[in-house]
1. Quick check on my filter: what residues within region 11-57 are modelled with pLDDT under 80, aliphatic (A, V, I, L, M) and over 16 Å from Val83 (Cβ atoms)?
2. Out of region 194-218, which residues are outside any helix (DSSP H, G or I) and surrounded by 11 or more Cβ atoms within 10 Å (Cβ to Cβ)?
3. Taking the stated definitions as given, is Ile136 surrounded by 15 or more Cβ atoms within 10 Å (Cβ to Cβ), in the same structural domain as Asn99 (by TED's automatic domain parsing), at pLDDT 95 or above and in a loop (DSSP other than H, G, I, E, B)?
4. Would a scan of region 201-219 turn up a residue that is of a type in the set (S, T, N, Q) and at pLDDT 95 or above?
5. Among the candidates Asp76, Asp97, single out the residue that is modelled with pLDDT of 95 or more and charged (D, E, K, R).
6. Hey, could you check region 107-127 for residues that are exposed (fewer than 15 other Cβ atoms within 10 Å of the Cβ) and not charged (D, E, K, R) and say which is farthest from Tyr237 (Cα to Cα)?
7. Can you tell me which residue within region 137-178, out of those that are free of Cβ contacts under 8 Å to residues at least 60 places away in the same chain and of a type in the set (Val, Ile, Thr), is nearest to Ser123 (Cα to Cα)?
8. So, Trp71, is that one at pLDDT below 95 and among the aromatic types (Phe, Trp, Tyr) or not?
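The values are calculated or read from the model by the stated rules, or taken from the named source; none is laboratory data. What you are looking at is a predicted structure, and each value in this text was computed from that prediction instead of being measured. Here the Cβ positions follow ideal geometry from the backbone for every residue, glycine too, while neighbour counts run over all protein chains shown.
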Amino acid sequence: MLTFYGIEISCEFLTELMDKIPLDKKLKIDAHIPSDFRHPNVSVLSRISLNTVRVFQALKFSGSHYKNGRWITLDDLKSVRNVHYVYLNSTIFNCNDINQFLHYWTNCDENMFEDMELQLDDSVEIDVDVLKNELITLQVVDETVETCFYIKVKNHHNRRFVLCRLQICKSKKAKFTVQEADDQQANKFEILELLEKKKNLEEKNEDSEISEESRRKIAMDIEELMRLIIKKNKNRYTFEF
């Protein structure tokens, strides 16, 4: 791991690091990074070019750990691919940003990361409903954290890591851990798949053009899925029917 300490690192020095350090290295910057790092005082054309490089480089190392991550945007997080970890000790993200990022993760066809930690600002209000909005989740009952739940990818054929656990600590640190659907995690994956099938059937049943016979068949299929979900939920995870 390459670690750089200091009170503040200049934009020029950080740019040089991004250009020279191989992507298979782990990088830790334990210093303040200027908020204008993404907006150097150069021409518009050059600025666009430099920003493209920096967005690509900053989170593309095998491991990235920044004491100050407030210059990193949601689009930057979405650009992460095939890295071990991303740790940001301070960020500008809120619960809506995290929800958007989780939606992106579920739809992405590539592996993005194995671990990610985002320290949210003290001013951020943890709203679980916003975090889970429009997501199919499996909630873990854990009173030691603000919330903890699992989601799955939509297309698991191209992905090694098909489950993601989000844990929001009392300190407002958001921890993302992705996992394979191995023997230990298979039950969670199966329940999430059944919940996804149930949601798809419910959406199909809302189609005004389907026949009453089809509606009855879908209703029966939904009831069967509900019985299967309850039967498989031996660990008493929480989810919404």
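1. Within region 11-57, Val42, Val44, Leu45, Ile48, Leu50, Val53 meet the criteria.
2. The answer is Ile210, and nothing else.
3. Values: surrounded by 15 or more Cβ atoms within 10 Å (Cβ to Cβ): yes; in the same structural domain as Asn99 (by TED's automatic domain parsing): yes; at pLDDT 95 or above: yes; in a loop (DSSP other than H, G, I, E, B): yes.
Yes: the conditions hold for Ile136.
4. Taking region 201-219 and keeping what is of a type in the set (S, T, N, Q), we get 205, 208, 211, 214.
So of that shortlist, the ones also at pLDDT 95 or above come out as none.
The answer is no; no qualifying residue exists.
5. Values: Asp76 fails: modelled with pLDDT of 95 or more.
Every option except Asp97 fails the conditions.
6. For region 107-127, the residue satisfying everything is Ser123.
7. Within region 137-178, the match that is nearest to Ser123 (Cα to Cα) is Ile168.
8. Working: at pLDDT below 95: yes; among the aromatic types (Phe, Trp, Tyr): yes.
Spelling it out, Trp71 is indeed at pLDDT below 95 and among the aromatic types (Phe, Trp, Tyr).
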